[in-house]
Amino acid sequence: MSKPLVAIVGRPNVGKSSLFNRLVKSPMAVVAETAGTTRDRVSTEVIYNDRPLILVDTGGLEPLPESAIEEQVQVQVEIAIQDADAIILLMDVLDGCTPIDDQIAERLRRTEKPVVLAANKSDNERRAHGIADFFRLGLGEAIPISAYHDVGISSLMDALFAALPEQVGPVEEDADIPALAIVGRTNVGKSALLNAILGEERAIVSDIPGTTRDALDTSLLYRDQRLLLIDTAGIRRRGKIVPGIERYSALRAIRAIYRAQVAFLVLDATELVTAQDTHIAGEVADAYKGAVVLVNKWDLASELGLDQASYMEHIRSRLKFMPYAPIRFVSALRKQGIGEALDAALMVFEERGKWIPQNRLQSMVMTSLSEHQPPGKGRRHLTVRKVVQQGVNPPTFTFYVNDPELVHFSYRRYLENRLRDGLGYRWSHLKLQFKGRGKHQRAK
Ligand code: GDP
């Protein structure tokens with residue numbers, strides 16, 4: 001079953017990102033934290049009472065700076081209606097029902113998607129009385145919550161899970177078939193690239209029944225290997241997309257990222273790496289997916305006086321949090337570098353599927369610990385009893401330690417680098433989790 005995607009919508013300042021952060025930090029939620037992305041997250045996978053979901057703060061998606069607030073909110077709502085499995089409409093109990101809330105509700109009443117209303121800033125009972133005001137929206141009762149003071153969060157989550165359909169979206173992909181997503185800003189050449197891949201002479205579009213779980217995915221045979229290309233950003237249904245949304249297709253990209261094992265992050269050679277490129281890359285990293293950076297439009301490089309070495313250096317400095325991602329230079333227009341791009345994705349996929357023998361893993365980690373002692377907090381020092389490879393795709397390692405709180409960001413990074421070098425995970429993002437005993441049991 002694919003993980004349900006839940007979008008938080010609402011006008012600015014009602015507390016969408018506070019709610020997002022509260023859900024991420026909730027002791028009931030197990031969140032895989034990634035170190036190293038220097039940005040505000042907009043999406044995350046949360047496991048709540050053993051049920052996973054992907055949570056998206058639509059307020060943090062690609063902004064449309066020149067448009068009015070009403071318009072921005074409407075676009076967020078349209079995106080949520082198109083791409084989410086359920087929607088949380090967040091409002092502010094202090095402001096009561098505002099005209100924008102009315103507008104949003106009017107649109108949400110016309111969707112089949114489950115909608116849960118939450119009235120934020122209901123810090124106390126007196127304030128919570130204000131929820132009565134939202135009843136006129138015709139979307140059921142609002143749940144009083146306070147993202148800031150951690151009130152009502154479990155009621156909200158219970159209501160959300162109750163509203164979600166049992167089975168959402170396409171079934172989970174077959175983990176043995178590499179699923180690739182093409183993501184990137186508008187106009188970097190994603191659809192041109194998709195066409196170039198489909199036209200690649202070694203790639204045969206196959207219609208083996210059962211290989212395509214989503215009508216928009218494409219099943220390919222490349223060098224006798226089956227692959228799945230996941231449709232992103234409505235690449236092939238551009239015509240149907242409402243203006244504004246096309247520029248704002250981040251939610252679909254997020255869903256594609258979570259479904260994929262490896263993402264092609266497409267950049268435009270004629271431009272420097274932008275903040276938005278970094279955002280998208282960050283989503284890929286936070287989801288622990290494989291990444292291949294494709295510098296497209298490289299046919300224009302000589303005209304622009306670009307060389308690969310300096311462009312690569314530029315990418316590495318902008319995408320510091322994914323030093324492992326291979327970089328390939330391509331031209332979708334001239335169909336150059338396409339085979340190399342696919343080869344890189346397969347190389348990443350293969351590496352992510354690798355199991356390490358237990359004794360090799362354990363001795364590798366023990367050596368790393370002795371070569372660089374973990375820093376302590378006061379007199380307490382981190383000790384590691386055991387390391388176990390928990391899984392592949394992403395390669396996941398669980399460290400059994402005395403206290404996960406003693407694991408510093410920089411030490412986590414040190415361990416990840418050592419595992420990468422020592423165990424031959426050159427191109428992969430590794431997931432490290434730390435588990436303690438007793439009161440420190442919560443994974444970090
Ligand atoms: P998308 O929004 O990311 O799907 O981008 P498109 O595939 O629609 O491409 C945006 C523009 O870039 C179009 O005008 C393409 O013709 C152009 N383009 C795409 N790939 C290349 C390339 O490799 N070289 C050059 N010179 N132009 C390209």
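The values are calculated or read from the model by the stated rules, or taken from the named source; none is laboratory data. This one's a predicted model, so the numbers in the text were calculated from it and none came from an experiment. Note: ideal-geometry Cβ built from the backbone for every residue, glycine included; neighbour counts use all protein chains shown. The protein model used for the area step is the full one, side chains on, heavy atoms only, and it has no ligands, DNA or RNA in it. Shrake-Rupley method; radii C 1.70, N 1.55, O 1.52, S 1.80 Å.
Kindly evaluate A68 against the criterion of being among the small types (G, A, S) and surrounded by fewer than 16 Cβ atoms within 10 Å (Cβ to Cβ).
Judged against the criteria, A68 is a match.
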Hits in the range 337-381 - residues which are without any contact (Cβ under 8 Å) to a residue 40 or more places away in the chain and among the aliphatic types (A, V, I, L, M): M366, L369
Filter pass, K354 being of a type in the set (K, R) and open to solvent by less than 70 Å² (accessible area, probe 1.4 Å): yes
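Can you say whether L139 is out of contact with any Phe, Trp or Tyr (no Cβ under 8 Å at 6 or more places or on another chain), open to solvent by less than 70 Å² (accessible area, probe 1.4 Å), within 26 Å of K3 (Cβ to Cβ) and within 16 Å of the ligand (Cβ to nearest atom), as far as the supplied structure shows?
For L139, the condition - out of contact with any Phe, Trp or Tyr (no Cβ under 8 Å at 6 or more places or on another chain), open to solvent by less than 70 Å² (accessible area, probe 1.4 Å), within 26 Å of K3 (Cβ to Cβ) and within 16 Å of the ligand (Cβ to nearest atom) - is not met.
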Going through the range 317-336 in order, the residues found to be away from the ligand (no atom under 16 Å from the Cβ) and without any contact (Cβ under 8 Å) to a residue 40 or more places away in the chain are S317, P323
Top-ranked residue of the range 277-301 - restricted to ones that are within 12 Å of the ligand (Cβ to nearest atom) and open to solvent by 10 Å² or more (accessible area, probe 1.4 Å), ranked as farthest from G339 (Cα to Cα): I280
Which of the residues that make up the range 186-243 are at positive phi and at pLDDT 50 or above? N187, G189, R223, D224
